[in-house]
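Enquirer: For reference, the structure I am asking about is given below.
The values are calculated or read from the model by the stated rules, or taken from the named source; none is laboratory data. Since the structure is predicted, the reported quantities are computational estimates derived from the model, not experimental observations. Counting neighbours? That spans all protein chains shown, and the Cβs are built from the backbone with ideal geometry, glycine included.
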Amino acid sequence: MAPTETIPREDTALLPGSGQDGKYPEYSVSLESQLLSESELVIYTTMVFNSPYPPLDIPKTNLLSYLFPKETKPSDEPIWIDCKDENINLSTKQMLQWVKRVGFGLQKLGLQRGDVVMMCTPNQIFVPVAYLGIVSVGCVFSGANPAYTVPAKVVLVHPNHLEQVLEAAGKSNLPRSRVFQFSEFENQIKYGILDWRQMIGTSAHAESYQWPELSAEESTSTVATINYSSGTTGLPKGVCVSHHNLIANLEQTIFMRYAEKPYSFENRPRERWIGFLPLYHAYGQLYVVLMAMKLNIPTYIMKEFRYEEFLFAIGKYKITNLQVAPPILVMLSKRPETARYDLSSVKDMLCGAAPLSRELQNECQRRFSVQINQGWGMTEVTCGGVMVPGGIKDDNGSVGRLFPNCDCKLVDEEGREVGFGEPGELCIRGPNICLGYWRNEVATKEALVNGWLKTGDIAICNEDGYFWIVDRKKELIKVNALQVAPAELEAVLLENEHVADAAVVGIIIEGNEWPRAYIALQDASREKVKPEDIQEWIKPRVAKHKALVGGVVFVNEVPKLASGKIQRKVMREWSKRDAAALEETARSPRSRARYCQNPQIRETETEQGFLQLLFTEKDTAASSVSAPVFLAPYKLQRHFSKHALQCYEKSPSVPGTWFENGYPGYLEWSAAYPPAPKILEYFENFAKKNSLYQYIELQHHVIGAYWNSEDGGYDIHVQDTSTSETIVDHCDILINAGGVLNNWNSGIEVLPSIREKCKRATNFVRRPTWVSPAQGLEQHLFSSAEEKEFAEKPGALIEYRKNKESDLNSQFGIYNKINENTRAYFLQQMKEKLNNPSLESKLIT
């Protein structure tokens, strides 16, 4: 460390502003001295920020002994409750019995301390049972994706994921006898795999079972869980968390939740939570499993997150507190469904797992009259390390103060420790810091240096000890040597009324890095806004070097993990492919000039040496069959996302056929045979919802497609019918979606349209027209109950249509010419319907 100041010996008793004990309220200056001469002392300073709160006395024991102290009797009150069926629930007393049965069963299987038990299941009330049962016996709980290869000794898997896990188990030589089906209901044997209840002990076994106690040293060194880091910027790593880590972080978090509340911890009001956070994630485990149990807070478990079900549950169960990630607040502030539900029971929210902008925080606070405080954490600190204390009304976007028993320092790019108001990588130490990474010594040594965890997060601290996370170290964009934080630009973009979600990443264009935004628009804004509109909107709101020079791309959704973190790795891959496509486009002599001038216009994912697919409405008589023009892009954008895609549609709307014609066929049915405007409305909404317009150029008429033997592809000549401009495009694969359905109209369509405009109309037909009786074709308007069933029950609409089709097919026999009874019936029906002897004489022969 380089000396920072040389001062006379007699002046070293007090440093300026340090106070009598050499400490600021929230940080200390550590002094290291070296005697150079009788009259000089060299002072080395280390900026260490300390927690402003007194240290806690944290037990060092088995997690189960901490949660179930012998002097306390477990409660009969339900704590974990199924959100859809309140009759499915568990109390802490029941939990204790189940946990002992699981512990007994794992011992009977021969598992030893340190053996890993992996779980692959959606949220449900028995996940806490497995979590604590596994940990109780000294084994390691891993709620990881099976693709992340921890060599597990036992796997508990939901039946829906059984095939995937069996495939992975086969590759890792895990016997099928160590795989068990896991759900809240008992499962029948499938593929030879037993239900987990067949593995655990009985109630009698539970009475005699006692988990092994851990010494203080064993508590700090025995791994309890291996959760995986998010892997948003690199490969996920298994984070080893000890019993003591979990106990410490739980104690710290409980303290911070109530630190500044206007009531004592013992007199806190009754709370009710909703457990939608994934239980394979540290955030969900700490709150939904451990804290809910420690504080006896009823928690309603959602098996999967569905937004309206989430809103409904808040009102139904009068949820008081929410633990959320930023995407939830984006939904609450921007989605119209929010206004239909009563959220008045919610008093405060904690937001973590990803950066939250101050603007979004304050908008939600105002709208819902709740206090929203942020926290900072990561899997490597067990869950949390910094948090705005409960009871503090923060509106500055801070992530809060250091937990008790924690210290931190901020280190700049040169390795120097910085002070107040200066950004630096946050390095933290405390009893909640993990043991390291599972079987990855190199990564452990890089992240943990002399007890300090290098977090990779860039933070700033003010003189009151409040922290702000500026960005991830690996995510910063360098523009002409100046740093640009994606999170800052994302927060600004979310202020735009048209933006539903946004992610910013760097893109390299001609050797220079620029910010590029991938944006999901609000549904109502999809046809109102262009990428360049967003670029112009943000310019006056940010510094010049932070402008979105790299372009704006509209996407269906921003890829995120279940925790709410943006998948930065995916974004960087998108950026690389786009950069390669732009470079390829710039080199191509057949590039369309308007697509080359602005890099942000190309809104498709491409790769180096990309293959371009081009969908055309090649027609000779203004024809258009547009169902393929948006159904195919819908499929292609999902399965061929690496390839560029361009579609041309000559009509000013998609789908063209339903814009120009009137044939039946409707998916979101309001009636069995809806009118053409309804069909058109549905298709237009479908295209908007799935962002298909980004692939389609409307009012572009394909004149011809010509094989280019030199380039081995097609040259497509396209006329912009709005400007009469003709352009030439080039593609590797040409899909001709042109057709003939709306080249003509049948006489039955033409006659009604012209009869009011002429004195006389004569209709020639090849043979007499039969007016047949309705054969199951009567119009039927669907009730709201039927529409609800079609929307919620997979296959209900298909089943209805299949039955209708079957009925119709069964009646084809009536059209047999030799069936005299049917002929007589048809004639009778025609006469009744025509009620016109003149017409009868012309039609009936």
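Enquirer: Condition first: surrounded by 17 or more Cβ atoms within 10 Å (Cβ to Cβ), in contact (Cβ under 8 Å) with a residue 60 or more places away in the chain and small (G, A, S). Now tell me which residues in segment 686-712 satisfy that.
Expert: S691, A705 - these are the residues of segment 686-712 that are surrounded by 17 or more Cβ atoms within 10 Å (Cβ to Cβ), in contact (Cβ under 8 Å) with a residue 60 or more places away in the chain and small (G, A, S).
Enquirer: Residues to consider are K842, K831; find the one that is surrounded by 11 or more Cβ atoms within 10 Å (Cβ to Cβ), part of a helix (DSSP H, G or I) and modelled with pLDDT of 75 or more.
Expert: Values: K842 fails: modelled with pLDDT of 75 or more.
None of the other options fit; the residue is K831.
Enquirer: Continuing with the same structure: For the condition farther than 23 Å from E490 by Cα and in contact with a helix residue (DSSP H, G or I) (Cβ under 8 Å, 6 or more places away or on another chain), what is the one hit in L360, L343, L356, L329? First the steps, then the outcome.
Expert: Values: L360 fails: farther than 23 Å from E490 by Cα; L356 fails: farther than 23 Å from E490 by Cα; L329 fails: farther than 23 Å from E490 by Cα.
After ruling out the rest, the residue left standing is L343.
Enquirer: Residues to consider are T338, T379; find the one that is outside the structural domain of A485 (by TED's automatic domain parsing), surrounded by 19 or more Cβ atoms within 10 Å (Cβ to Cβ) and of a type in the set (S, T, Y). Spell out the reasoning first.
Expert: Values: T338 fails: surrounded by 19 or more Cβ atoms within 10 Å (Cβ to Cβ).
The match here is T379.
Enquirer: Using the structure shown, decide if A447 is more than 26 Å from S242 (Cβ to Cβ) and of a type in the set (G, A, S). If you could, list the steps in order and put the result at the bottom.
Expert: On the way: more than 26 Å from S242 (Cβ to Cβ): no; of a type in the set (G, A, S): yes.
Against the criterion (more than 26 Å from S242 (Cβ to Cβ) and of a type in the set (G, A, S)), A447 does not qualify.
Enquirer: Let me ask something else. In contact with an Asp or Glu (Cβ under 9 Å, 6 or more places away or on another chain) and either surrounded by fewer than 23 Cβ atoms within 10 Å (Cβ to Cβ) or part of a loop (DSSP other than H, G, I, E, B) (or both) - does that describe any residue in segment 252-265? Even if it seems obvious, please write down each step before you answer.
Expert: Keep residues of segment 252-265 that are in contact with an Asp or Glu (Cβ under 9 Å, 6 or more places away or on another chain), which gives none.
Within segment 252-265 (the criterion being in contact with an Asp or Glu (Cβ under 9 Å, 6 or more places away or on another chain) and either surrounded by fewer than 23 Cβ atoms within 10 Å (Cβ to Cβ) or part of a loop (DSSP other than H, G, I, E, B) (or both)), the answer is no, since none of the residues qualifies.
Enquirer: Looking at segment 507-554, which of the residues that are in contact (Cβ under 8 Å) with a residue 60 or more places away in the chain and either assigned to a helix (DSSP H, G or I) or not assigned by TED's automatic domain parsing to the domain that holds Q567 (or both) is nearest to the chain's Cα centre (by Cα)?
Expert: Filtering first and then ranking leaves D523.
Enquirer: Within segment 105-131, can you find the residues that are surrounded by 23 or more Cβ atoms within 10 Å (Cβ to Cβ), over 33 Å from the mean Cα position of the chain (by Cα) and not aliphatic (A, V, I, L, M)?
Expert: Listed by number, the list holds a single entry, G105.
Enquirer: Is there any pair linking a residue in segment 378-399 that is farther than 14 Å from T253 by Cβ and outside any loop (DSSP other than H, G, I, E, B) to one that is of a type in the set (S, T, N, Q) and modelled with pLDDT under 95, with Cβ under 9 Å and at least six apart or on different chains, and which?
Expert: From residues that are farther than 14 Å from T253 by Cβ and outside any loop (DSSP other than H, G, I, E, B), the pairs are T379/N227; T379/S229; T379/S230; E380/S229; E380/T455.
Enquirer: Residues of segment 400-413 being assigned to a loop (DSSP other than H, G, I, E, B) and either at pLDDT below 90 or over 14 Å from M378 (Cβ atoms) (or both), which ones?
Expert: Kept after step one, since they are assigned to a loop (DSSP other than H, G, I, E, B), are these residues of segment 400-413: 403-406, 412-413.
Correct list: P404, N405, D412, E413.
Enquirer: While we're here: Kindly indicate whether any position in segment 296-307 is farther than 30 Å from F68 by Cβ, in the same structural domain as S398 (by TED's automatic domain parsing), basic (K, R) and part of a helix (DSSP H, G or I).
Expert: No, segment 296-307 has no match at all.
Enquirer: Scan segment 341-370 for residues that are at positive phi and surrounded by fewer than 17 Cβ atoms within 10 Å (Cβ to Cβ) and report the count. Give the derivation first.
Expert: Keep residues of segment 341-370 that are at positive phi, which gives 353, 369.
Cutting the leftovers down to surrounded by fewer than 17 Cβ atoms within 10 Å (Cβ to Cβ) gives us 369.
Total satisfying the criteria: 1.
Enquirer: A follow-up question, please. (1) at pLDDT 75 or above; (2) among the acidic types (D, E); (3) in contact with a strand residue (DSSP E or B) (Cβ under 8 Å, 6 or more places away or on another chain): which one isn't true of E497, the others all being true?
Expert: (3)
Enquirer: Taking segment 540-552 only, how many residues are surrounded by 13 or more Cβ atoms within 10 Å (Cβ to Cβ) and among the charged types (D, E, K, R)? Show your work before the answer.
Expert: First pass over segment 540-552, keeping only residues surrounded by 13 or more Cβ atoms within 10 Å (Cβ to Cβ): 541-542, 545-552.
With the extra rule that they be among the charged types (D, E, K, R), the set shrinks to 541, 546.
Looking only at that region, the number is 2.
Enquirer: Among (1) in a loop (DSSP other than H, G, I, E, B); (2) in contact with a Gly (Cβ under 9 Å, 6 or more places away or on another chain); (3) not acidic (D, E), there is one condition N496 misses while meeting the rest; what is its number?
Expert: Only one criterion in (1) in a loop (DSSP other than H, G, I, E, B); (2) in contact with a Gly (Cβ under 9 Å, 6 or more places away or on another chain); (3) not acidic (D, E) is unmet by N496, namely (2).
Enquirer: Collect the residues in segment 167-205 that are more than 19 Å from D115 (Cα to Cα), buried (at least 16 other Cβ atoms within 10 Å of the Cβ) and among the aliphatic types (A, V, I, L, M), keeping them in residue-number order.
Expert: Residues satisfying the conditions are I193, L194.
Enquirer: Okay, moving on. Anything in segment 502-539 that is small (G, A, S) and either loosely packed, with under 14 Cβ neighbours inside 10 Å or under 17 Å from E557 (Cβ atoms) (or both)? List them, or say none. Working first, answer last.
Expert: Residues of segment 502-539 small (G, A, S): 502-503, 506, 511, 517, 520, 524-525.
Within segment 502-539, A502, A503, G511, A517, A520, A524, S525 meet the criteria.
Enquirer: Okay, next question. When only residues in segment 414-462 that are among the charged types (D, E, K, R) and assigned to a strand (DSSP E or B) count, which is nearest to the chain's Cα centre (by Cα)? Spell out how you get there, then give the answer.
Expert: Here is the first cut: in segment 414-462, the ones among the charged types (D, E, K, R) are 414, 416-417, 422, 425, 429, 439, 441, 445-446, 454, 457.
After this cut, where a residue has to be assigned to a strand (DSSP E or B) as well, the list is 417, 425, 429, 454, 457.
Working: E417: 36, E425: 27, R429: 31, K454: 27, D457: 21 Å.
In this case the residue turns out to be D457.
Enquirer: V239 - would you say it is assigned to a strand (DSSP E or B) and in the same structural domain as Q371 (by TED's automatic domain parsing)? If you could, list the steps in order and put the result at the bottom.
Expert: Numbers: assigned to a strand (DSSP E or B): yes; in the same structural domain as Q371 (by TED's automatic domain parsing): yes.
Judged against the criteria, V239 is a match.
Enquirer: Another one. What tally of residues in segment 83-135 results from selecting those that are under 21 Å from L67 (Cβ atoms) and part of a helix (DSSP H, G or I)?
Expert: 25
Enquirer: Within segment 66-88, which residues are closer than 30 Å to T222 by Cβ and surrounded by 19 or more Cβ atoms within 10 Å (Cβ to Cβ)? I'd like the intermediate steps shown before the answer.
Expert: We begin by selecting, within segment 66-88, every residue closer than 30 Å to T222 by Cβ; these are 66-75, 79-80.
The answer is Y66, L67, F68, I79, W80.
Enquirer: Something else about it: Please go through segment 400-444 and give me each residue that is without any contact (Cβ under 8 Å) to a residue 60 or more places away in the chain and charged (D, E, K, R), ordered by number.
Expert: D412, E413, E414, R416, E422, E425, R429, E441
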